[in-house]
Amino acid sequence: MSTPPILELRNVRAGYGSIDVLHGVNLSIGRGEVVALLGPNGAGKSTTIKVISGLLRPSAGHLIVAGRDVTGASASALARAGLCTIPEGRGIFPNLTVRENLLMATFSGHKMSDIEERTYARFPRLGERRTQLAGTMSGGEQQMLSLARALATDPAILLLDELSMGLAPLIVAELYAQVAAIAAEGVSVLVVEQFARTVLGVADTAVLLAHGTVRMAGKASEIGDDVLAGAYLGS
């Protein structure tokens, strides 16, 4: 008997005011699975993330987390249910040190000593910069910090919005290696990426979104360049 998905969108429609952006989106994520949500600008990727994270209520359809219908639940309620979002732009506190940023995660009830131990084991560079202001670090180091702070809350589902934005390819590869390791520990990961090739190497499943509808969903390893060209160029 197969394990039910940890997260599902069922026929979700959503938008802003009278303008619909998503037109009946279906998506599911299994436990410990990495799903890449791909598509060009304007495809509806950010709107999908907003629906899943509780920032936007769908006008139709359902959001299911761990078998429970949580459609319309607040972002804070979804966070308590184990859903954690790393937004585009990283969302760290630039005027606080690395250690102070991690301290913000102790609201989840975890000891600071445990958070630091796990963080510096996973990201040794953050251990070297624990007293440095986060805003003065490189973009890659800031993204490591955003990942570390999210993991400190022991999420069941991690939403990553444009993890690679503005970063050098070597740093992106390092970050996605960590994403694969995180998933191997049982955390489900949804990655929104405009640049498909940066994530397909670690994703289990790829979902191609265009004009607010799912154009294709399947094994990431089977998504070829011709499929991507068709999705991104409209051919």
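Summary table
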read-out	value
The listed residue being crowded, with 19+ Cβ neighbours inside 10 Å and of a type outside the set (V, I, T), out of A156, A152, A81, A75	A152
Count - residues of the range 107-138 that are in a helix (DSSP H, G or I) and either touching a residue at least 40 places away in the same chain (Cβ under 8 Å) or out of contact with any helix residue (DSSP H, G or I) (no Cβ under 8 Å at 6 or more places or on another chain) (or both)	12
From the options G39, G17, residue that is modelled with pLDDT under 95, in the same structural domain as T205 (by TED's automatic domain parsing), closer than 26 Å to Q178 by Cβ and not hydrophobic (A, V, I, L, M, F, W, C)	G39
Residue that is nearest to R125 (Cα to Cα) [pool: residues in the range 163-195 that are of a type outside the set (G, A, S) and part of a loop (DSSP other than H, G, I, E, B)]	L167
Residues of the range 146-168 that turn out to be in contact (Cβ under 8 Å) with a residue 40 or more places away in the chain and in contact with a Phe, Trp or Tyr (Cβ under 7 Å, 6 or more places away or on another chain), as a count	1
Only one of L126, L170, L147 that is closer than 29 Å to G42 by Cα and buried (at least 20 other Cβ atoms within 10 Å of the Cβ)	L147
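The values are calculated or read from the model by the stated rules, or taken from the named source; none is laboratory data. On a predicted model such as this, the values are computed, not experimentally measured, just so you know. Neighbour counts are summed over all protein chains in view; Cβ atoms, including those assigned to glycine, are modelled from backbone coordinates with ideal geometry.
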